[in-house]
Amino acid sequence: MLIHVWAIICILFISLSSGYAFVGDTPLVESYSKGYAITAEKSGLEGSNKNPASMDFSAENTFILNMNNAYGMDITHAFFGVGYSMKNKLKIGFTLPISIVNNVAVTQRNGEGSADIVETFNVIQSKSRVTLSYPIASFMRIGTSLSGLYDTLYNESATGYAIDVGALIQIKALSIGVAVQDIGWNKSWSTGLEETKDPIYHVGARFKLLRFLDIKADYTKENDHEITNVGMGIQIMSFLGIHGGIFDMGESNQSRAGVSFINKGFKLSYAYGLHPYLGESHKVGVSVDF
């Protein structure tokens, strides 16, 4: 019996080992619509996905849920999170970004030389995260995250951990953010394979041009891979904001746009993305302050 699934596994394995292939900005909604240029912007629980210092929220407690099926493929992305404000101004967040590749086929060649599907399986990649964010001065916030990694691939699984650190400085209309992700990143597979990778570096700036208009830009370096993102936000009314951005500007030039509706602590967000090779993506998320 000839099993063709191993070629698929190799391809998926390479993709899953890339920090931006699955659990990057794909599970996010509002931050996704801003071109993922959020290193220097307070972004609530979504901010913990890039710069732990940017995880800030005004409510005492907050909850977020994002779910989408990106680019019309059978790949589900989700982001769950809950955040708490402590009396000493410390913010604590528990988040779970997760990506699932559904119904990967295992085939065998039949007597006629064609392939029959004999079974299917799902591929899972998740990065559960505990984030702490604290203002050490009126103009500066620092943060750190501890992430637990969990993957499944066919009949195998892997676990690991990583640490993120970051800082966010705000001086009047200008904000500057820096972050280092995946410090000490390692993953141990049930096959005995041990994986490691180098940290990811982020630096970004945000400038509030007007009371209702801001622009931002990010630069990311992961090994020899460099990504530049730009974004903007317009608060049309107290309950309505629109966002736009370009992810990976100058390379894949992925266009992003979105809108957020806010009413008494409830936020409904929608994001649209256009990838030059994968096509369109539609994302929806909700957050509730309580």
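The values are calculated or read from the model by the stated rules, or taken from the named source; none is laboratory data. Quantities reported herein were computed from a predicted structural model and do not represent experimental measurements. Here Cβ is always computed from backbone atoms with ideal geometry, including for glycine, and neighbour counts include all displayed protein chains.
Some points to look at:
- Among (1) without any contact (Cβ under 8 Å) to a residue 40 or more places away in the chain; (2) crowded, with 20+ Cβ neighbours inside 10 Å - the single one Met140 does not satisfy: (2)
- Where a residue in region 261-282 is farther than 27 Å from Phe239 by Cα and its partner, wherever it lies, is assigned to a loop (DSSP other than H, G, I, E, B), with Cβ under 8 Å and at least six apart: His275/Ser252; Pro276/Ser252; Pro276/Asn253; Tyr277/Ser252; Leu278/Met73
- Residues of region 273-290 that are of a type outside the set (A, V, I, L, M), in contact with a strand residue (DSSP E or B) (Cβ under 8 Å, 6 or more places away or on another chain) and modelled with pLDDT under 95: Gly273, His275, Pro276, Glu280, Ser281, His282, Lys283, Asp289, Phe290.
- Leu193 more than 25 Å from Gly93 (Cα to Cα) and buried (at least 18 other Cβ atoms within 10 Å of the Cβ): no
- Selection status of Gly258, part of a loop (DSSP other than H, G, I, E, B) and either touching a residue at least 12 places away in the same chain (Cβ under 8 Å) or in contact with a Phe, Trp or Tyr (Cβ under 6 Å, 6 or more places away or on another chain) (or both): no
- Filter result for Val230 (among the β-branched types (Val, Ile, Thr) and touching a Leu at 6+ places or on another chain (Cβ under 7 Å)): no
- Residue match in region 75-92 (condition: β-branched (Val, Ile, Thr), modelled with pLDDT under 90 and in contact with a strand residue (DSSP E or B) (Cβ under 6 Å, 6 or more places away or on another chain)): yes
- Candidates in region 143-184 are the residues that are surrounded by fewer than 15 Cβ atoms within 10 Å (Cβ to Cβ) and of a type in the set (S, T, N, Q); of these, the one that is farthest from Asn103 (Cα to Cα) is Thr159.
- Among the residues making up region 167-194, those that are under 15 Å from Ile142 (Cα atoms) and not hydrophobic (A, V, I, L, M, F, W, C) are Gln170, Ser175, Gly177, Gln181.
- Of Gly204, Gly177, Gly148, all but one fail to be at pLDDT 95 or above, in a strand (DSSP E or B), closer than 30 Å to Thr120 by Cβ and not aliphatic (A, V, I, L, M); the exception is Gly148.
- Filtered residues of region 262-281 (kept if assigned to a strand (DSSP E or B) and exposed (fewer than 14 other Cβ atoms within 10 Å of the Cβ)): Asn263, Phe266, Gly279, Glu280
- Scan of region 29-50 for residues that are within 13 Å of Thr95 (Cα to Cα) and either part of a loop (DSSP other than H, G, I, E, B) or among the acidic types (Asp, Glu) (or both), ordered by number: Glu46, Lys50
- Some residue of region 235-249 being under 21 Å from Lys127 (Cα atoms), surrounded by 15 or more Cβ atoms within 10 Å (Cβ to Cβ) and not polar (S, T, N, Q): no
- Ala158 at pLDDT 95 or above and either over 18 Å from Phe57 (Cβ atoms) or in contact with a His (Cβ under 7 Å, 6 or more places away or on another chain) (or both): yes
- Search result, residues across region 160-185 that are of a type in the set (S, T, N, Q) and under 19 Å from the mean Cα position of the chain (by Cα): Gln181
- Residue match in region 63-70 (condition: assigned to a loop (DSSP other than H, G, I, E, B), more than 23 Å from Glu156 (Cα to Cα) and in contact with a helix residue (DSSP H, G or I) (Cβ under 9 Å, 6 or more places away or on another chain)): no
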